[in-house]
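Laboratory data are not the source of any read-out in this text; all were calculated from the coordinates shown. Please read these numbers as outputs of a predicted model, since none were measured by experiment. Here the Cβ positions follow ideal geometry from the backbone for every residue, glycine too, while neighbour counts run over all protein chains shown.
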Amino acid sequence: MPEDCIFCRIVTGDIPGRIVHETDHAIAFLDANPLAPGHTLVIPKQHYARLEDIPGEEAAELFGAVHDLVPQIEAAVDADAVSVGINDGEAAGQEVPHSHVHLVPRFEGDGGGPFHAIAPASEEPADEELDEIAATIRGD
Ligand code: 5GP
Ligand code: ZN
């Protein structure tokens with residue numbers, strides 16, 4: 001565990017966190033600088049920087065926690081919806097290098113945007129380009 005990782009220190013209890021959920025390999029706590037009441041972070045207990053670093057079973061448990069927490073948080077703060085997101089890597093806005101899932105309660109008319117607002121829209125791609133990207137992702 002990196003000594004200077006804030007989230008590892010929350011896992012060990014070294015620094016306080018408002019824990020809302022805990023399983024063998026995942027833990028969730030309130031964000032200290034919430035975008036909305038109930039803004040929660042769900043993390044693997046082990047230190048993994050990026051999503052791809054998390055072993056499959058631990059990743060499944062992490063997303064199981066996300067699945068359980070979304071309705072609980074929505075009900076707890078009487079939200080209308082929840083934005084679920086991961087800033088996976090610095091260029092995507094990740095500041096804490098311990099992988100985490102943001103659960104941000106959303107309210108009708110809260111002035112926030114959808115996931116499509118986080119990046120500039122690309123020019124409409126040609127069908128061939130889409131086909132090529134899909135094939136590359138599949139590893140054809
Ligand atoms: P990122 O930008 O890395 O996706 O998000 C990091 C999140 O961690 C931010 O929303 C920030 O408010 C939260 N955060 C940073 N330091 C602490 C802390 O010490 N305690 C808690 N509970 N949240 C933190
Ligand atoms: Zn860590």
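Points worth noting:
- Per-residue packing, averaged as other Cβ atoms within 10 Å, sorts the ranges 35-46, 117-128 into the order 35-46, 117-128, beginning with the highest.
- Helix 127-138 axis, angle to the chain major axis (alpha carbon atoms, nearest 10°): 50 degrees
- Counting all C-alpha pairs of segment 6-115, share separated by more than 19 Å (%): 42 percent
- Nearest 10 degrees, 0 to 90: helix 56-76 Cα axis against the chain principal axis: 70 degrees
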